[in-house]
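> The structure is given below, and queries will be raised subsequently.
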Amino acid sequence: MSKYIIEGGRRLVGEVPVIGAKNAVLPILAATVINNNTSTIFNTPNLRDVEVMEQILVSIGCKINRVDNVIFVDSRNLSKIKIPEELVREMRSSIILMGAMLTRCGEIVVSYPGGCEIGPRPIDLHLKALRQLGATIEESHGFLHCKAEKLKGCDIQLDFPSVGATENIMLAAVKAEGTTIIRNAAREPEIIDLQNFLNGMGAKIHGAGTSIIRIDGVDNLTSVEHTIIPDRIVAGTYMVASAITGGEVILKNIEVEHIQSIIAKLKETGCMIYNNCTTLKIIGPKKINAIETVQTLPYPGFPTDMQAQMIALLSIANGTSIVTETIFENRFKHVEELVRMGANIKIAGKVAIIKGVKELTGAKVTSKDLRGGAALVLAALAANGTTVIEDTFHIERGYDSLEKDLLALNADIRKV
Ligand code: UD1
C-alpha cells in the first residue's frame, strides 16, 4: 500500500491547471452505451474510478481507446446485460448504468451496491423513479434485475435532489415514449454536463441546472464529441492548500461559477481571491479566521465533498467554527485523524465543533475515504514536522495528479 510523506510548513506558490471532473465523466461514460454509436470525450481525468467504468463498458462489449486525456467509446457491439459484480462493488456509481442500459437494451442485471466508507447510500430514489418510468425491478440474492419493454415518460417528483437519481432518470428517459419531467432535480454542474453530452448525441433535454428538467423522448441518436467540465472539488481542494499554507496559488482551466460557495467561505476565512471566468488566484491569510457556520447542502450550497478539506483549514483558525454535514451520515472519519495531528474537534451528530489550535503537528495517519484523505494532505502541508498518510489509494480515486501538482506548487510531498 502506498503512503504519502509530507514535510509541512512550506508556503504553496505557483500555478496549476485543473483537470476534468470525476463526477461528470462517470455518468457520461455510462451514457455512451445509449447511442449505439461512437463517443469522443475530451479532458477526462486519469483515475481508478474512470478505469473501472471503462472496464465495465468493455465487459459488456464496448470498444474503448484512451489517448492521454481523450477517451473514445464505440458502443455498437454491446452484447451483454450483466455487469460484473466485482466492478460494481469497487465503484458505487456503476448503478448509473441502470438508466443507460434500460434505454439501450431494455434490461440490466447489476449487483446491489453496498454501503460505502461515507455511510449507507441507499438507491431507493433511483428504483422508485425507474419503476415510475415503467421498468420492473426484481431484487434478489443481492442482484437487481431491471427490465422494460418500452419506457414511458412521466412526471417524477424526487423526495430529495439526488445527483445520481437525477442522472439515472435522464438516462432512462432519453428514448422513452413522450415527455418526462423531473421535479426537485439535483442542480449540480455535472447534471448540466450530462445534459449537454446527451443533447450532443441528439437527445432533447432542457432545464438541467434548475430544479425542473424536461426530457422529450427521441427515436434516434448519433455519435458525439464532448469536453468534460473542470473538477470543482479538485479546484476547491487546491484553494484550501493555498489558504492553509498562507500561499499564493493560481488555478487555471476552472469554471469559477461552479465554485462560488467555496469562494465565499474561503473569503470569510480571510483569503484574498481574484478571478476571471476560468482562472483564479488565491492568497492565503496570515491568520485564518474561524467561520461561524458552514453547512453542506445540495448545489449551489456548500458541497459535502469539500467538508473535510474545510475542517482541515478551520482546525488552525483563530477561534471556534461550526460545520454541519447535512448530506451524508458518517462523513466525519477524517476528524479522528486530524485530532491525532493536534486538532481540537468535537462531533455531535451532524455537527463538528472546531476549536482552532495554534498549529498542527506531523503524525502517522490513515486516509479512510477520498475527501477525508485529501483533508489529511492539506493538514499535513501546514503541520509542523513530518506526516505519513497511509492508504492513499482512497485519495487517488479523485485526484489525478495530486502529488505532481503539489510538488509543482513547492510542497514537500513524496509517495512511497
Ligand atoms: C454524488 C457524487 C458525490 C457527492 C454527492 C452529493 C458522483 C459520482 N458522486 O453522489 O461525490 O458527494 O453526489 O453531492 O457524482 N439518497 C437516498 N436515496 C437514493 C439516493 C440518494 O436516500 O436513492 C441520499 C444519499 O444517501 C445521500 C443523499 O441522498 O444522503 C445525496 O445522495 P446523492 O445526491 O444521490 O449522491 P450520489 O449521486 O451518490
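> Got a sec? What order do Ser162, Ser367 fall in by accessible area at 1.4 Å, biggest, i.e. largest, first?
The residues order as Ser162, Ser367, largest area first.
> Using the crude model of +1 on Lys and Arg Cβ and -1 on Asp and Glu Cβ, and no other charge, please compute the dipole size for the chain relative to its Cα centre, in debye to 20.
Roughly 560 debye for the chain.
> Something else: Over 18 Å between Cα atoms, which of Lys82/Lys147; Lys22/Lys80; Lys80/Lys147; Lys147/Lys175 qualify?
Too far apart for the 18 Å limit: Lys22/Lys80.
> Using a Förster distance of 45 Å, how high is the FRET efficiency between Ala348 and Lys147, based on the Cβ-Cβ distance and rounded to 0.05?
Approximately 0.50, to the nearest 0.05.
> For the stretch 343-416 and the stretch 1-64, what is the separation of their C-alpha centers, rounded to whole Å?
Using only Cα atoms to place each centre, the spacing works out to 22 Å.
> Then there is this: Which Cα, out of Met306, Ala290, Cys277, lies furthest along the positive dipole direction of the stretch 184-336 (beta carbon charges, K/R +1, D/E -1)?
The listed residue farthest towards the positive side: Ala290.
> Grab the Cα-Cα distance for Asn65 and Phe42, subtract it from 0.36 nm times how many residues apart they are, and report the gain in nm with one decimal.
Working: separation 23, 0.36 × 23 = 8.28 nm, distance 1.21 nm.
Computed gain between Asn65 and Phe42 is 7.1 nm.
> Testing the spin-label approximation: label points 7 Å from Cα along Cα→Cβ at Lys252 and Ser223. State their distance in nm.
Roughly 3.1 nm, to one decimal.
> In Å², what does the accessible area per residue of the stretch 190-288 work out to with a 1.4 Å probe? Intermediate results must be reported in sequence, preceding the final value.
Values: 3800 Å² over 99 residues.
Each residue of the stretch 190-288 exposes 38 Å² on average to a 1.4 Å probe.
> I would also like to ask the following. Describe numerically, in nm with one decimal, the distance between label points set 7 Å from Cα along Cα→Cβ at Ile212 and at Val109.
Rounded to a tenth, the inter-label distance reads 4.2 nm.
> What part of the accessible area of the stretch 22-227, given as a whole %, is carbon or sulfur when the probe is 1.4 angstrom?
Roughly 46 percent, rounded to a whole number.
> Using a 1.4 angstrom probe, figure out how much accessible area the stretch 1-160 has per residue, in square angstrom, rounded to the nearest whole.
In whole numbers, the stretch 1-160 has 42 Å² accessible per residue.
> Leaving ligands, DNA and RNA out of it, work out the accessible area of Thr386 with a 1.4 Å probe and give it in Å² to the nearest 10.
Here the residue's solvent-accessible area equals roughly 60 Å².
> Rounded to the nearest percent, how much of the accessible area of the stretch 336-416 (1.4 Å probe, protein heavy atoms only) is carbon and sulfur?
Whole-percent figure for carbon plus sulfur exposure: 51.
> Taking a 1.4 Å probe, which of Thr392, Thr324 shows the most accessible area, and what order do the others take after it?
Accessible-area ranking of Thr392, Thr324, largest first: Thr324, Thr392.
> Same structure, new question: What residue among Gly349, Gly164, Gly236 has the largest mean-square fluctuation in a Gaussian network model of the chain, using Cα springs under 10 Å?
Gly349
> Mind grabbing the accessible area of His258 for me, 1.4 Å probe, Å², rounded to tens?
It works out to around 30 Å².
> Using DSSP to define loop residues, name the GluC sites (Glu not before Pro) in the stretch 240-306 whose beta-carbon has at most 15 other beta-carbon atoms within 10 Å.
Within the stretch 240-306, the qualifying GluC sites (Glu not before Pro) (loop, at most 15 other Cβ atoms within 10 Å) are Glu292.
> Could you sort Ile215, Ile322 by their accessible area in this structure, using a 1.4 Å probe and putting the largest first?
Of Ile215, Ile322, the descending order of accessible area is Ile322, Ile215.
> The stretch 312-338 to the stretch 163-240: how many Å between their Cα centroids?
31
> Considering only protein heavy atoms, what is the solvent-accessible area of Arg89 at a probe of 1.4 Å, reported in Å² to the nearest 10?
150
> So what's the back-of-envelope 222 nm ellipticity for the chain, counting only DSSP H runs of four-plus at -39500 (n - 2.57) apiece and dividing by all residues, rounded to 500?
Helix contribution divided over all residues of the chain: -9000 deg cm²/dmol.
> Along the charge dipole of the chain, pointing to its positive end and built from +1/-1 on Cβ of Lys, Arg, Asp and Glu, which listed residue (Thr32, Met101, Val351) has its Cα farthest out?
Checking the options against the dipole of the chain, the answer is Val351.
> Another question, if that's okay. Can you work out the FRET efficiency for the pair Phe72 and Thr293, with r the C-beta to C-beta distance and R0 = 51 Å, to the nearest 0.05?
Values: r = 46 Å, r/R0 = 0.90.
Plugging the Cβ-Cβ distance into 1/(1 + (r/R0)^6) gives 0.65.
> Right, another one. Which lysines have a Cα lying under 16 Å from the Cα of Lys346, excluding residues fewer than 8 positions away in the same chain?
Straight-line reach from Lys346, under 16 Å: Lys333, Lys355.
The values are calculated or read from the model by the stated rules, or taken from the named source; none is laboratory data. What you see is a predicted model; the values in this text were computed from it and never measured. Cβ atoms come from the backbone with ideal geometry, glycine included; neighbour counts cover every protein chain shown. Ligands, DNA and RNA are excluded from the accessible area calculation, which covers all protein heavy atoms including side chains. Shrake-Rupley method; radii C 1.70, N 1.55, O 1.52, S 1.80 Å.
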